[in-house]
Amino acid sequence: MTTTSPQTAATQRPARGWYALGTLLATAAGAGVGHLVAGFVAPESSPVLAVGSTVIDATPTPVKEWAVSTFGTADKPILVGSVTVVTLILAGLAGVVARRRRTLGLAIVGVLAVLALAAAATRPTASAVSLLPGFVTAVVGVLAAGWFLGVLDRWGAASADPASGAGPDRTAHGDGTSGRRTVLAAAAGLGAVAATGGGIGQSLARSTASTGDVVLPTPATTLEPLPQGLEEMVRGVSSFRTPNDAFYRIDTALVIPRVGTDGWKLTVDGMVDNPFSLTFEELLKLPMIEKDITLTCVSNEVGGPYVGSARWLGVPVRDLLERAGVQQGVDQIFSESTEGMTISTPLQALMDDRDALVAVGMNGKPLPPVHGFPARLVTPGLYGFVGATKWLTKLTATTYAQKTAYWTGKDWATDAPIYTESRIDTPKPLSTAKAGKIVVGGVAWAQQRGIEKVEVRVDGGDWAEAKLGNDAGIDYWRQWYWEWDAPAGRHTLEVRATDETGEVQTEKRQTPFPKGATGWHSVVVTIE
Ligand SMILES: Nc1nc2c(c(=O)[nH]1)N[C@H]1C(S)=C(S)[C@@H](COP(=O)(O)O)O[C@H]1N2
Ligand SMILES: [Mo]
């Protein structure tokens, strides 16, 4: 070893691993404090979450589809975890650099934080306050790293002193001097700052707006109560109404937007004669209707879970657009949400008699925060990504030529009617049952057309007609069941639906991208 460094000789420094640990923990401490500050000012501007959201937006569609189909709704924690791991690896490498080139190493720690700051600053909803968490992260991270590396240097200098025995390079893990204890205490301190800041920040970010004080208005026209479902008779079939807390959730938000009703406004503008805005109170005073609608995600694979059915309460979008006076030439309504999502819906689908809603109620309750509180769009017959904007705040009348929404910019379809689909809920795939009577059951949907018939077949044999559950309108799914006298062996069950126009669900396999999956759902079971 030579003294190429302007500082102490390499032989007097603790091993690289200590430096890597130091900058890693210092960066974690910085990010923890940044997360805490974000929890107070703007959770989505937390360094890790801002980078995570930027990664989501920058991820090519096929990769995102793969992630959704592989990880399901765990894709978010996995993304945040990956961002954290990659950042900590880079932070650790910065420590290795800092061992010899202190300024450069610390600068890398600073750059990591500044990248997070830049990510926060370029989010669609960024404001001046979004810069604070990244700034705090940079300052805390660099100062903590500088401090910790100083502790290491002093340890190295002390142990290089002939009086205190061999240098730490050789004895880093074994000499048990008080210097080592000091270093470990410093490391534990940084770890504690990271964990405490991150933990408190996380609980702040999770505390969403309360919907408790919202009293839903009485609808101008009410629906009959939802008819009886099959779930009590057919064990394992999806319930006719999906409870709010079991309803699937798909969105790009890493933090559930905290939207209070106080500052919230819905604006209708663009190519209209009379643009206007409504407060939440004003919205609630408009005549509302109830509607049973099955919502479906375009990313739902054949047989997948991203479909749910609820009774929605809201104002027909048509009423709002008529009040604004949509001008000639408009072909899309471009909606925006409080957290910066943009979604485009064909004007026609919002104006015709399907009764697309600006919904405020879901199954008799205010919208839960994850499902768009205080108001969202629900468009019967269209996949959610082109008609179900959550945390809705703006409807702009415009044209597809003028404005491109988030998913359209990622090459998804612009107009995406839901395909006729059917799903076997029971028996479960690869389950085992005793030979004899088995009830096969599930759901089928063909929003805007309605389900006429559901058929099941075993091992590619003849199609048998299933019995349908009650009907709650063409925009709502139908439950179905079929009694099977199951013989021993391994069997494949398949299902297909026919809509009320007479069209049979296509067998042709199609991926969710770019306009929804098609094909027949099948389940393999073993009968003993
Ligand atoms: N603001 C916002 N709204 C959104 C999305 C989103 O990412 N952000 N995702 C859409 C998609 S892809 C679907 S399928 C539905 C899902 O609604 P849910 O989570 O209430 O089931 O919301 C839609 N509305
Ligand atoms: Mo979706």
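The values are calculated or read from the model by the stated rules, or taken from the named source; none is laboratory data. Since the structure is predicted, the reported quantities are computational estimates derived from the model, not experimental observations. All Cβ positions, glycine included, derive from the backbone under ideal geometry; neighbour counts span all protein chains shown. Accessible surface areas use protein heavy atoms only, side chains included; no ligands, DNA or RNA. Shrake-Rupley method; radii C 1.70, N 1.55, O 1.52, S 1.80 Å.
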For this session: In whole Å, largest first, what are the principal axis extents of the Cα atoms in the range 244-410?
Result: 43, 35, 31
For this session: For the range 6-206, state the average projected area of the convex hull of the C-alpha atoms over all orientations, rounded to one decimal in nm².
Result: 12.3
Exercise. At what distance in nm do the modelled label points of Val129 and Gln348 sit from each other, each positioned 7 Å from its Cα along Cα→Cβ?
Worked result: 4.4
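Quick one: with all protein chains in place, what share of the accessible area of the range 421-527 is carbon or sulfur, to the nearest percent (1.4 Å probe)? Write down the numbers at each step before the final one.
Details: 2260 of 4730 Å².
Exposed carbon and sulfur together represent 48 percent of the surface.
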For this session: Please calculate how many Å² of accessible area the chain carries per residue, with a 1.4 Å probe and no DNA, RNA or ligand atoms counted.
Result: 43
For this session: Quick one: Debye curve from the alpha-carbon atoms of the range 399-528 only, equal weights, vacuum; give me log10 I(q)/I(0) at q = 0.10, 0.11, 0.16 Å⁻¹ to two decimals.
Result: -0.39, -0.46, -0.81
Exercise. Stretch Thr182-Glu483 to full length: gain in nm at 0.36 nm per residue minus the Cα-Cα span?
Worked result: 101.2 nm
Problem set entry | Gain on full stretching of the segment that runs from Leu286 to Thr252 - 0.36 nm per residue minus C-alpha separation | 9.2 nm
Seminar exercise, completed: Simple SL model, points at 7 angstrom along Cα→Cβ for Thr73 and Ala121; separation in nm is 3.6
Problem set entry | Using alpha carbons only: equivalent-ellipsoid semi-axes of the chain, gyration tensor based, whole Å | 53, 31, 19
Exercise. Which whole DSSP H helices in the chain pass both tests: a Cα extent of 30 Å or more along the axis and a mean Kyte-Doolittle value no lower than 0.5?
Worked result: 16-41, 75-100, 131-160, 178-206
Exercise. What FRET efficiency would be calculated for the residue pair Arg154, Asn274, taking the C-beta separation as r and a Förster radius of 56 Å, to the nearest 0.05?
Worked result: 0.20
Seminar exercise, completed: Pseudo-spin-label distance Glu465 to Lys365, built 7 Å along Cα→Cβ, given in nm, is 3.9
